[in-house]
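Here the structure comes first, spelled out in structure tokens, and everything after it is commentary.
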């Protein structure tokens with residue numbers, strides 16, 4: 001099980017909610033394939049669950065589209081929840097969704113600062129993203145806009161599956177990219193080992209905006225929000241109260 005999910009279930013167990021004892025969990029994973037999220041959400045809902053827990057922006061969007069009655073807990077939304085259409089307000093949300101997000105208004109600027117420390121005269125930056133992930137597409141535009149203000153050219157690295165990585169890396173090198181950043185997402189997380197291996201084989205540095213031992217797998221660096229604590233926060237601050245007292249609207253956390 002991914003370290004993120006493990007952190008969530010560990011926090012629940014510490015609060016007296018253990019799977020198979022005081023809680024029945026129906027667990028599904030898309031294994032990084034965001035196109036599967038709508039069908040997986042509907043599959044879980046067909047089991048008449050009391051609460052639907054989903055992670056990632058695409059997963060939460062699929063859940064929001066699938067039900068207006070079952071309480072939804074969104075964890076680790078990497079996009080601005082308002083921009084993503086998940087809620088109209090972070091402080092006074094409406095509907096059946098509560099959640100925690102990892103979005104920082106100046107997050108990309110901070111990441112650019114760190115990447116500039118790795119490459120002091122950074123002029124060309126590659127961004128590894130999934131073109132089928134709507135959040136990634138939005139974030140790619142933000143990267144291009146903010147990087148442009150620093151006279152940094154962005155080279156897109158579209159990756160949907162493992163077989164796309166080598167070609168994307170070689171194209172980035174051909175485009176004279178000095179370093180790459182991989183965007184946060186369940187899709188890129190699932191490919192982190194493949195990304196680290198391709199980066200090493202091609203002698204091209206790729207930092208990842210993702211947790212989960214990327215550097216231990218040979219990746220050069222992780223540059224971004226550590227989302228593992230968000231899973232624990234989602235469990236303790238939102239899920240446990242929901243299990244004890246029922247669904248109540250609450251401000252989005254981060």
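A few comments on the model shown:
- Candidates 49, 82, 41, filtered to the one that is surrounded by 15 or more Cβ atoms within 10 Å (Cβ to Cβ) and not in a loop (DSSP other than H, G, I, E, B): 41
- For segment 53-79, taking the residues that are over 23 Å from residue 132 (Cα atoms) and either in contact (Cβ under 8 Å) with a residue 60 or more places away in the chain or crowded, with 22+ Cβ neighbours inside 10 Å (or both), the one that is farthest from the chain's Cα centre (by Cα) is identified as 71.
- Only residues that are assigned to a helix (DSSP H, G or I) and either surrounded by fewer than 16 Cβ atoms within 10 Å (Cβ to Cβ) or touching a residue at least 24 places away in the same chain (Cβ under 8 Å) (or both) were counted in segment 10-38, giving 9.
For (1) surrounded by 19 or more Cβ atoms within 10 Å (Cβ to Cβ); (2) more than 14 Å from the chain's Cα centre (by Cα), each residue gets a yes or a no:
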{"residue": "129", "(1), (2)": "yes, no"}
{"residue": "138", "(1), (2)": "no, no"}
{"residue": "147", "(1), (2)": "yes, yes"}
{"residue": "171", "(1), (2)": "no, yes"}
{"residue": "197", "(1), (2)": "no, yes"}
{"residue": "201", "(1), (2)": "no, yes"}
{"residue": "209", "(1), (2)": "yes, no"}
{"residue": "214", "(1), (2)": "yes, yes"}
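- Only helices (runs of 4 or more DSSP H) whose full extent lies in segment 135-244 are considered here, and the ones with at least 1 residues that are touching a helix residue (DSSP H, G or I) at 6+ places or on another chain (Cβ under 8 Å) and modelled with pLDDT of 95 or more are 165-174, 192-201.
- Scanning segment 21-47 for residues that are out of contact with any strand residue (DSSP E or B) (no Cβ under 7 Å at 6 or more places or on another chain) and under 22 Å from residue 241 (Cβ atoms) returns 21, 22, 23, 24, 26, 27.
The values are calculated or read from the model by the stated rules, or taken from the named source; none is laboratory data. Treat the numbers as computed from the prediction; the structure is a model and nothing was measured. Note that we place each Cβ from the backbone using ideal geometry, even for glycine, and neighbour counts take in every protein chain shown.
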